[in-house]
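Colleague: Pasting in a structure now, in structure tokens, and then I'll have a few things to ask.
The values are calculated or read from the model by the stated rules, or taken from the named source; none is laboratory data. If you're wondering where the values come from, they're calculated on a predicted model, not measured in any experiment. Using ideal geometry, Cβ is built from the backbone for each residue, glycine included, and neighbour counts are taken over all protein chains shown. Surface areas here come from the heavy atoms of the whole protein model, side chains and all, with no ligands, DNA or RNA. Shrake-Rupley method; radii C 1.70, N 1.55, O 1.52, S 1.80 Å.
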Amino acid sequence: MFSFTAHPYPKSESFKEIFVSSLGAGAAVYLFLIIFQPFGTENFQHPYKFVLLFPYCIIFGTAFLMANLITSRFSNWNIGSELLKITFILCTGSILSYFYNSLFLSHVKLDIVNYFYMFLYTLAVGIPISIIYILSRYIYLKTIHEKKARDISQHLPVSLPAQRQNLLKISAQNTELVMNKKDFLCVQSMENYCTFYFLENNSLKKALIRISLTNVLQQIETSSVKKCHRSYIVNLGKVKKLKGNAQGYKLVLPEIDFEIPVSRSFIPSVIPQLQQQHS
């Protein structure tokens, strides 16, 4: 159960997608109410009945939209986080629906028992709609990430053209590391130390230096040497493949035995650069 909830859930990078999916969730609630007319809705008689039910669409659509916009700032999103977000949405929707129903439709007194019934009604309607919402959005966003990764990977060269002998120089206290830019692969940060991965006579070498990643970036950043994650700096010119998954993107360099993640905050600077230099 816990391993399932820890599985990555894709995050949207588009306000348009967030808005449309939230609007769709609100519309689904409205359609459910007017088609099935549950919980005594069929006994509610009014010439503008469907108009009076429409605010439920606005309530839940707004709840989804606000929750999605707020949580879009978070990283390392997973299925457990998404389920907590849905729980928050249903609770918020039930509260707003309770006040709307009590004050404008049923005209009943405000008490905890009436709210409890509204909460149960909200769960009965919201759970099946939320399941469809989570699954469909997971499939859509995961497909978008994978497709974009495939499109970029198809244009990555099998072998790099000859590069100028640009030197990268890293200085830290009494340590100095110098290498050709074409041989530099990546830097991995671990607390106050950084591990440099580079090639020397076509063999992989590693160097551990006491220095912050921020300090390293200030010394070696170029148009193709970029920070892509809070713990990584990578030479984009050495990237041979881009993978897309539920959480985002990962860079593949054949010389090293691990994949380098791309944080959501660095996607706007890394992915377009890959597209540009390998187009």
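Colleague: Could you give the semi-axes, largest first, of the ellipsoid that matches the range 123-279, computed as the square roots of 5 times the alpha carbon gyration tensor eigenvalues and rounded to whole Å? Before the final figure, lay out each step's value.
Modeller: Working: eigenvalues 240, 73, 28 Å².
Three semi-axes, in Å: 35, 19, 12.
Colleague: Under Stokes-Einstein, with the Kirkwood radius over Cα pairs standing in for Rh, what whole-number D in µm²/s applies to the range 5-64 at 37 °C and 0.692 mPa s?
Modeller: On the way: Rh = 13.2 Å.
Once the numbers are plugged in, D ends up at 249 µm²/s.
Colleague: Tell me whether the range 1-104 comes out rounded, prolate or oblate; compute the Cα gyration tensor, take square roots of the eigenvalues as a ≥ b ≥ c, and use a/c under 1.5 as the rounded threshold. Show your work: numbers first, answer last.
Modeller: Working: a/c = 2.57, a/b = 2.11, b/c = 1.22.
Here the range 1-104 falls in the prolate category.
Colleague: Something else about it: When all protein chains stay in place, what accessible area (Å², nearest 10, 1.4 Å probe) is found for C91?
Modeller: Rounded to the nearest 10, the figure is 50 Å².
Colleague: What 222 nm value per residue comes from the helices of the chain, counting each DSSP H run with n ≥ 4 as -39,500 (n - 2.57) and dividing by all residues, nearest 500 deg cm²/dmol? Kindly include the intermediate steps, with their values, before the conclusion.
Modeller: Working: 7 runs with 132 residues, N = 279.
Mean residue ellipticity, 222 nm, calculated: -16000 deg cm²/dmol.
Colleague: A follow-up question, please. What's the longest uninterrupted piece of the chain once you rule out the trypsin sites (Lys or Arg not before Pro) that are loop residues per DSSP with at most 16 other Cβ within 10 Å? Intermediate results must be reported in sequence, preceding the final value.
Modeller: On the way: sites that count: R73, K109, R164, R230, K240.
Longest run free of exposed loop sites: 1-72.
Colleague: For the chain, what's the relative contact order in percent, using C-alpha pairs closer than 8 Å and at least 6 residues apart? All intermediate terms of the calculation are to be shown ahead of the outcome.
Modeller: Numbers: 370 pairs, mean separation 47.7, N = 279.
The value is 17 percent.
Colleague: Sticking with this structure for a sec: Using alpha-carbon pairs under 8 Å, 6+ residues apart, how would you state the relative contact order of the range 221-279 in percent? Walk me through the numbers on the way to the answer.
Modeller: Working: 75 pairs, mean separation 17.3, N = 59.
Result for the range 221-279 is 29 percent.
Colleague: A further question follows. Which helices count as membrane-span-like in the chain under these terms: full DSSP H, at least 27 Å along the axis by C-alpha, Kyte-Doolittle mean of 0.0 or more? Please list the in-between numbers first.
Modeller: Details: long enough: 15-36 (31 Å, 1.76); 49-71 (35 Å, 1.74); 79-100 (31 Å, 1.21); 112-153 (58 Å, 0.65).
Answer set is 15-36, 49-71, 79-100, 112-153.
Colleague: Mind scanning K85/K241; K85/K250; K142/K181; K142/K182 and naming the pairs with a C-alpha gap bigger than 29 Å?
Modeller: Values: K85/K241 33 Å; K85/K250 26 Å; K142/K181 34 Å; K142/K182 33 Å.
Beyond 29 Å between Cα atoms: K85/K241; K142/K181; K142/K182.
Colleague: Provide the FRET efficiency to the nearest 0.05 for the H155-E42 pair, computing r from the beta carbons and using R0 = 45 Å. Mind showing how you got there, number by number?
Modeller: Details: r = 58 Å, r/R0 = 1.28.
According to the calculation, E is roughly 0.20.
Colleague: If you wrap a convex hull around the Cα atoms of the range 77-192, how much volume per residue is inside, in Å³?
Modeller: Working: hull volume 25.7 nm³, N = 116.
Roughly 221 Å³ of hull volume per residue.
Colleague: On to the next question. Please work out the Kirkwood hydrodynamic radius for the chain, using every pair of different C-alpha atoms, and report it in angstroms with one decimal place. List each step's numbers first, then the result.
Modeller: Numbers: mean 1/r = 0.0451 Å⁻¹.
After inverting the pairwise mean of 1/r, the radius is 22.2 Å.
Colleague: Could you check which residue among N68, N192, N76 shows the biggest mean-square fluctuation in a GNM of the chain with a 10 Å Cα cutoff?
Modeller: Of N68, N192, N76, the Gaussian network model singles out N192 as fluctuating most.
Colleague: Report the residue, chosen from V51, V29, V262, that carries the largest GNM mean-square fluctuation when the chain is represented by alpha-carbon nodes joined by springs under 10 Å.
Modeller: Maximum among the listed residues: V51.
Colleague: Springs between alpha-carbon pairs under 10 angstrom, Gaussian network model over the chain: which of G61, G40, G93 fluctuates most?
Modeller: Per the Cα network of the chain with a 10 Å cutoff, G40 tops the list.
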